[in-house]
Amino acid sequence: VWDYLEGGADEESTLTANRAAFQQWTFQPRTLIDVEHIDLSTNICGSTAPFPAVLAPTGYTRMFHPDGELAVAAAADAAGLPYAVSTVGTASITDVANVMTLAPWLQLYLCRDRGLSWELLARAWDAGVRTLEFSTDTAVSGHRIRDRKRGFAIPPSLGIREIGEIGLRPRYWTNMVTSAPLTFANLQSAEGQSIQEITSQFESRLSWSTIAEIKEHWPGVLLLKGPVSPADAVTAANLGINGFHLTNHGGRQLDRCIPAIELVHPIRQALPSTTIIVDGGIRHGMDIAVAIALGADAASFGRPYLYGLAAGGQSGVGLILRLLREEYQRTLQLLGCQSTSYLRTNGSEFLCRLNAES
Ligand SMILES: Cc1cc2nc3c(=O)[nH]c(=O)nc-3n(C[C@H](O)[C@H](O)[C@H](O)COP(=O)(O)O)c2cc1C
């Protein structure tokens with residue numbers, strides 16, 4: 001379970017590069033600015049958030065803690081932040097919406113049997129969802145060597161090694177066997193419920209015409225989630241895409257993929273008013289500040305809140321969100337920056353690339 005959460009694809013080069021891409025940025029603070037009261041808030045896809053952060057969609061979340069998506073949703077709601085629920089979530093979008101006052105977002109893996117996907121979109125709309133993230137980076141599953149070495153399967157299969165590890169983690173396994181069985185709650189009517197059976201039903205023949213197909217069934221905000229290039233972003237915007245969740249799937253799909261943070265500035269230059277959310281390697285409020293200074297509207301993250309969930313359920317997620325907010329606030333104060341909106345529009349004042357030639 002740990003290797004599934006933590007691991008990346010192939011050589012895990014992208015996983016490492018995602019962190020390094022943030023660490024190459026240094027800050028140039030401004031001097032003598034009153035930062036006693038600063039405004040961290042921002043607008044993300046039409047709603048105000050107390051700071052510029054979005055909880056990224058992660059599949060099979062109940063494997064990390066029996067309260068899974070419902071705990072993440074409640075913590076995100078208490079923090080006032082958007083939470084995108086995965087197509088392969090282990091709680092249904094309706095149940096998630098019921099524990100939130102804010103509307104959750106939905107992430108879409110399009111199914112070959114379109115009826116399954118359109119039914120999911122209709123249920124999400126009825127539950128109040130208005131923002132959809134369409135994943136474009138998963139034509140086939142990434143090759144995760146840790147999962148292969150471990151014989152990792154969903155639902156978990158038990159070999160001798162796993163049975164040995166159960167002895168070392170009795171509380172985890174007691175929680176797992178005494179809670180409701182893990183299912184793909186958003187795809188209950190799909191044939192089969194193993195990860196292989198579910199992913200084999202996802203559409204691998206995606207094309208630009210898929211956008212029009214989805215828009216026929218989705219009247220709300222539509223974001224592309226993937227490592228979208230600046231040229232592709234312009235094409236997508238011309239087809240009515242409202243914005244981008246730039247990502248390389250946390251290094252879990254194409255290894256040696258460009259870190260998504262590198263795409264923020266060129267896409268912002270090409271599309272000054274599109275929505276840009278970016279993830280991959282965000283581990284500290286300083287990373288959120290770098291993302292905003294480069295032109296993103298919000299930063300997103302997956303593993304950080306999963307660490308909190310695995311360690312402490314809803315309160316663990318809540319603690320991670322509070323730490324990120326405090327770190328982001330402290331970073332802006334030490335930068336001499338009075339608001340997220342100032343950082344978003346004047347970011348170049350504050351950033352220097354380490355070892356840059358010019
Ligand atoms: C355990 C795990 C499961 C994930 N499942 C999904 C998923 O179902 N759908 C999706 O679009 N992205 C999925 N992602 C990718 C995240 O949405 C996000 O892009 C990534 O976690 C960001 O990188 P970070 O973990 O370094 O913050 C998953 C990531 C992790 C770690």
Residue by residue through region 294-315, note down the ones that are away from the ligand (no atom under 12 Å from the Cβ), open to solvent by 10 Å² or more (accessible area, probe 1.4 Å) and assigned to a helix (DSSP H, G or I).
A311, G312, Q314, S315
Can you pull out every residue in region 70-104 that is under 19 Å from S41 (Cβ atoms) and open to solvent by less than 10 Å² (accessible area, probe 1.4 Å)?
A75, A76, L81, Y83
Among R256, R283, R252, which is the only one that is out of contact with any strand residue (DSSP E or B) (no Cβ under 6 Å at 6 or more places or on another chain), in contact (Cβ under 8 Å) with a residue 60 or more places away in the chain and more than 15 Å from the ligand (Cβ to nearest atom)?
R256
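Can you report the number of residues in region 12-45 which are on the phi > 0 side of the Ramachandran plot, exposed (fewer than 14 other Cβ atoms within 10 Å of the Cβ) and in contact with a strand residue (DSSP E or B) (Cβ under 7 Å, 6 or more places away or on another chain)? Please lay out each step first, then the result.
Looking only at region 12-45, we keep the residues that are on the phi > 0 side of the Ramachandran plot, and these are 12, 32, 45.
Remaining after also requiring exposed (fewer than 14 other Cβ atoms within 10 Å of the Cβ): 32.
Keeping just the survivors that are in contact with a strand residue (DSSP E or B) (Cβ under 7 Å, 6 or more places away or on another chain) gives none.
So the answer is 0.
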Output the number of the condition that R325 fails; it satisfies all remaining conditions of (1) open to solvent by less than 50 Å² (accessible area, probe 1.4 Å); (2) within 24 Å of Q28 (Cβ to Cβ); (3) not in a loop (DSSP other than H, G, I, E, B).
(1)
Which condition number in (1) exposed (fewer than 14 other Cβ atoms within 10 Å of the Cβ); (2) over 23 Å from L121 (Cβ atoms) is the one that S229 fails?
(1)
Among the candidates I44, I93, I38, single out the residue that is closer than 19 Å to Q329 by Cβ, among the hydrophobic types (A, V, I, L, M, F, W, C) and within 16 Å of the ligand (Cβ to nearest atom).
I44
Those residues of region 7-35 which are within 16 Å of the ligand (Cβ to nearest atom), within 23 Å of R325 (Cα to Cα) and of a type outside the set (A, V, I, L, M, F, W, C) amount to N18, R19, Q23
Options A139, A91, A78: the member that is in a helix (DSSP H, G or I) and not β-branched (V, I, T):
A78
Is at least one residue of region 207-225 more than 25 Å from D297 (Cβ to Cβ) and either part of a loop (DSSP other than H, G, I, E, B) or among the aromatic types (F, W, Y) (or both)?
yes
Quick check: is even one residue across region 209-218 in contact (Cβ under 8 Å) with a residue 12 or more places away in the chain, out of contact with any strand residue (DSSP E or B) (no Cβ under 8 Å at 6 or more places or on another chain) and more than 21 Å from L121 (Cβ to Cβ)?
no
From the set of residues in region 270-280 that are in contact (Cβ under 8 Å) with a residue 60 or more places away in the chain and of a type in the set (V, I, T), which is most open to solvent (accessible area, probe 1.4 Å)?
T275
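The values are calculated or read from the model by the stated rules, or taken from the named source; none is laboratory data. Just so it is clear, the structure is predicted and the values come from calculations on it, not from any experiment. Using ideal geometry, Cβ is built from the backbone for each residue, glycine included, and neighbour counts are taken over all protein chains shown. For the accessible areas, the whole protein counts, side chains as well, though only heavy atoms, and no ligand, DNA or RNA atoms are used. Shrake-Rupley method; radii C 1.70, N 1.55, O 1.52, S 1.80 Å.
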